[in-house]
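These notes concern the structure reproduced below.
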Amino acid sequence: MSIHGFRERGRHACSFPLLNPAKTLRLPSSSIRSSISFGRFEMELPKGLSLGRGGASTTAKVAIVVGITVAGVLIVAEAARRRRRRSRHLDVKDFGAFVERFEIYPSPQPPPPAARHRLSDLKFAVSDNFEIEGFVAAGYGNPDWKRTHEPGSQTAVVVSWLLKNGATCVGRTVLDEFAFGVTGENLHYGTPYNPELPSLVPGGSCSGSAVAVAAELVDFALGTDTIGGVRIPSAFCGVFGFRPSHGILSMLGILANSQTLDTIGWFARDPSILHCVGHILLQASPLGLKRTRRFILADDCFQLLRVPKQRTVDVLSKAIENLSGYQPCKHMNISQYLMTNVLSLKEFTEPTPKEGTSILKAVSSAMVLLQRCEFKLNHEEWFNTVKPRIGVRNSSQVLAAVNSTQDNTKSLYKVRAEMRSALNSLLKDDGILVIPTVADFPFKRDLRKKLTCEIEDRLHALLSIAGMSGCCQVTVPLGKYEEYPISISFIAAHGADKLLLDTIVDIYPSLQEQISVASNSGPIPYINGDMDAAELLKEKGNAAYKGKQWNKAASFYSEAIKLNDTNATYYCNRAAAYLELGCFQQAEADCSQAISLDKKNVKAYLRRGTAREMLLCYKEALQDFKHASVLEPQNKTALAAEKRLSKLIG
């Protein structure tokens, strides 16, 4: 027997068999229902079969069978819908990574007994701002640019060098317009699909190159990095990305964005390929003395990252424990160091509740202003003449550059010089600064929306350290957290590129082991204890806090929470200590826990608002301060913060 007429409302009908087709179910003629509805689905019963008021056992059986059938159909339909949705992304040719495909073959192999070229049998692609002799002009991510420019008269120097060493170039890849974006989206050529999560952006500006590598379409790819063009997409797509020291590689044959910030970069899935390409481009010797390395963890930068430290810094610390030549990780606040050693930043510093975050924002502000100034100098005449069509996401950044009116450019170059001096002094020839590559997970694809200032500030704050100093940086993938790719970055002194490349090859096998361990480990639960002892620990914490012993205070509050994890005050007090220490992420988490335990805890809202503002989450911070002012309408701190943030967001 079959039940006919199962349909999604407004769609075509279909039929499905019952679990036992040999049986016929009959109901009394007094039945009043001839169909059953399940959400937006409706099941019509055959003639003579309906559900009655009397609650007969046969009625219940039919309802159960129908319910099971419908549930199964819904599950199958949803699974099919998801498969279709994913296949739409993945069926796009080459994940949408390429603007144009071609093949440029390498130089002939030398005759035996000479060794084969080091890049033999490897394929690579280049971003749409690399010139290739004999092919159409590089498009710079915009068809109006390609239409109004002649093909390059020579191939980019770095491309020629790779061809000479045995690699085959297979095409140009999608680029954010004029290498300006951070999302990887392109109105004209389409947005490449992130192989890790197709519904999310791949990151930019060199999105196509990162996607081509992540999707295994090429072995490695070239791009350019001005303020994150290689580092962002490598983090979003879960691959290695290397930004070399500024000025160390020739930019001849590559379209300029900002000469003082532009560098060539490259992507790879395999650290050994990243290393080999780097040694060839840098013309570095494969041999050399192994130096002792010291990792320096920028704790304040990791406060911007919404990933537990067990998945980032702890993974690195454990990976180097048993490796020879590596000192134990040191910790520092890089913002405070820069505030002391880069005095020219004062001109770009805005007053905020905590100086550390304002310093990173000042560095990023100087970086963006410098980019705008040089981009205008390079391309203002062309923009005013051609008036190209630009996508929504990039238009505000490009137009801000073209219309910029920065008068005191000397101060920008002074910041850059002092940044390089400060970083070189800190790192010397054996130091490696460790920071998150990006603060946020990749966001959803949507060409219609502009990026908020908050997101851009969080991205630029971390990218500006190497960007403004000109130091070399490598993005190191660390697997996934909550299905999103995560990574950290290593920064070495200007000119220490070989040290960084050698370190990646040396450390990554051990790093992979720790990534696997961290991915499979669970949270450590707290154990409740005696209430009086918890109160005593709280009072000790209060005393330490008043004496400005912030670490000691946080420790006492932590012990109190272990004994009693249902007291909102303990979390709120520890958040206050964390704020003083600059541990904004922990402070935010503690305040959220306090609010979940006590919805009217004004201090928790105020402190969480402060923490979120320091994490550059302005909208969420504003909501917290508004909530605090509702609970206490005369609270001056809440009102002042609300006014400040409203002005900043507006």
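Beta carbons closer than 6 Å, at least 6 apart along the sequence or on distinct chains, never pair a first residue in region 163-190 that is at positive phi and surrounded by fewer than 24 Cβ atoms within 10 Å (Cβ to Cβ) with a second that is modelled with pLDDT under 95 and of a type in the set (Phe, Trp, Tyr). Of the residues screened, VAL315 is not one that is under 19 Å from GLN514 (Cβ atoms) and part of a loop (DSSP other than H, G, I, E, B). Within region 493-518, being under 25 Å from ASP440 (Cβ atoms) and either in contact (Cβ under 8 Å) with a residue 60 or more places away in the chain or in contact with a Leu (Cβ under 7 Å, 6 or more places away or on another chain) (or both) holds for LEU500, ILE504, TYR508, LEU511, GLN514, ILE515, ALA518. The set of residues from region 373-399 being in a loop (DSSP other than H, G, I, E, B) and more than 21 Å from GLU456 (Cβ to Cβ) comprises LYS387, PRO388, ARG389. For region 199-220, filtered to residues that are open to solvent by 10 Å² or more (accessible area, probe 1.4 Å) and either part of a loop (DSSP other than H, G, I, E, B) or not hydrophobic (A, V, I, L, M, F, W, C) (or both), the residue that is nearest to GLY171 (Cα to Cα) is LEU217. If you go through region 298-307 one residue at a time, do you hit one that is β-branched (Val, Ile, Thr), open to solvent by less than 20 Å² (accessible area, probe 1.4 Å) and closer than 28 Å to GLY184 by Cα? Yes.
In this structure, GLY139 qualifies as touching a helix residue (DSSP H, G or I) at 6+ places or on another chain (Cβ under 6 Å) and not acidic (Asp, Glu). The number of residues in region 547-601 being of a type in the set (D, E, K, R), touching a residue at least 24 places away in the same chain (Cβ under 8 Å) and crowded, with 24+ Cβ neighbours inside 10 Å comes to 2. State yes or no: is GLY223 closer than 22 Å to ASP270 by Cβ, assigned to a strand (DSSP E or B) and not acidic (Asp, Glu)? Answer is yes for this residue.
The combined condition, being surrounded by fewer than 24 Cβ atoms within 10 Å (Cβ to Cβ), at negative phi and touching a residue at least 60 places away in the same chain (Cβ under 8 Å), is fulfilled by LYS619.
For SER324, the criteria (1) in contact (Cβ under 8 Å) with a residue 12 or more places away in the chain; (2) among the small types (Gly, Ala, Ser); (3) on the phi < 0 side of the Ramachandran plot hold in every case but one, which is (1). Looking at this structure, is GLU483 under 29 Å from ASN520 (Cα atoms), in contact (Cβ under 8 Å) with a residue 24 or more places away in the chain and charged (D, E, K, R)? So GLU483 passes the test.
Note on region 622-650: among residues that are aliphatic (A, V, I, L, M) and under 26 Å from the mean Cα position of the chain (by Cα), the one that is surrounded by the fewest Cβ atoms within 10 Å (Cβ to Cβ) is ILE649. Candidates in region 396-421 are the residues that are in contact (Cβ under 8 Å) with a residue 40 or more places away in the chain and more than 16 Å from LEU345 (Cβ to Cβ); of these, the one that is most open to solvent (accessible area, probe 1.4 Å) is SER396. Per the conditions (1) open to solvent by 10 Å² or more (accessible area, probe 1.4 Å); (2) among the charged types (D, E, K, R); (3) within 23 Å of LEU645 (Cβ to Cβ), the sole criterion not satisfied by ARG458 is (1). The residue pairs whose first member lies in region 363-384 and is within 18 Å of SER396 (Cβ to Cβ), whose second member is among the β-branched types (Val, Ile, Thr) and assigned to a helix (DSSP H, G or I), and whose beta carbons are closer than 7 Å, counting only pairs six or more residues apart or on different chains, are CYS373/THR409; LYS376/VAL402; GLU380/VAL402; PHE383/VAL402. Restricting the search to region 318-349, which residues are aromatic (Phe, Trp, Tyr) and either open to solvent by less than 40 Å² (accessible area, probe 1.4 Å) or part of a strand (DSSP E or B) (or both)? Hits for region 318-349 are TYR326, PHE348.
The values are calculated or read from the model by the stated rules, or taken from the named source; none is laboratory data. Predicted, not measured: the structure shown is a model, and the values here were computed from it. Note that we place each Cβ from the backbone using ideal geometry, even for glycine, and neighbour counts take in every protein chain shown. Ligands, DNA and RNA are excluded from the accessible area calculation, which covers all protein heavy atoms including side chains. Shrake-Rupley method; radii C 1.70, N 1.55, O 1.52, S 1.80 Å.
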